[in-house]
């Protein structure tokens, strides 16, 4: 499996993140918006770290799948943790009381296992796509 030297569209992801950050910081707390911004923030951060650590490297198919699964797990679990962090930040930005109810916070926390598995499976899927794109696609799993 060959990891590309540069993630296509990364600068557009950063531009989308910056625009979303501006809009998110001004608007009142909304559960859907904070989830989206938590996901986008985590995806941007993990994509940056992935690009810095893995760009241009080659791995065996099994190692590559394991690496992609772990990075996907980081996105899934990180989204939940980042969303909780952003909920706390949003409450601190507006001095009129809590933006999110205890039920909202508990709901996000209870989704940690689900989104970790979703991220893991997404990473595996992306890994399989990268294996299929590799010129030496006769690799054995």
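The values are calculated or read from the model by the stated rules, or taken from the named source; none is laboratory data. What you are looking at is a predicted structure, and each value in this text was computed from that prediction instead of being measured. Glycine gets a Cβ as well: all are built from the backbone with ideal geometry, and neighbour counts include every protein chain shown.
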* **Which listed residue, of 132, 77, 113, 88, is modelled with pLDDT of 90 or more and over 19 Å from residue 44 (Cα atoms)** => 113
* When residue 97 is evaluated against the numbered criteria (1) in contact with a helix residue (DSSP H, G or I) (Cβ under 6 Å, 6 or more places away or on another chain); (2) part of a loop (DSSP other than H, G, I, E, B), which criterion, by number, is the only one it fails? -> (1)
* To do: Only residues that are surrounded by fewer than 21 Cβ atoms within 10 Å (Cβ to Cβ) and under 30 Å from residue 130 (Cα atoms): list them for the range 79-97, please.
  => 81
* Asked: If residue 81 passes every condition in (1) closer than 27 Å to residue 2 by Cα; (2) without any contact (Cβ under 8 Å) to a residue 40 or more places away in the chain; (3) within 11 Å of the chain's Cα centre (by Cα) but one, which one does it miss?
  -> (1)
* To do: Go through the residues of the range 92-103 one by one and say whether even a single one is under 22 Å from residue 121 (Cα atoms) and either at pLDDT below 90 or over 17 Å from the mean Cα position of the chain (by Cα) (or both).
  => no
* **Residues that are farther than 25 Å from residue 91 by Cα, outside any loop (DSSP other than H, G, I, E, B), in contact (Cβ under 8 Å) with a residue 12 or more places away in the chain and out of contact with any strand residue (DSSP E or B) (no Cβ under 8 Å at 6 or more places or on another chain), drawn from the range 1-40** => 10, 13
* residue 106 versus (1) assigned to a helix (DSSP H, G or I); (2) touching a residue at least 12 places away in the same chain (Cβ under 8 Å): which is the lone unmet condition? -> (2)
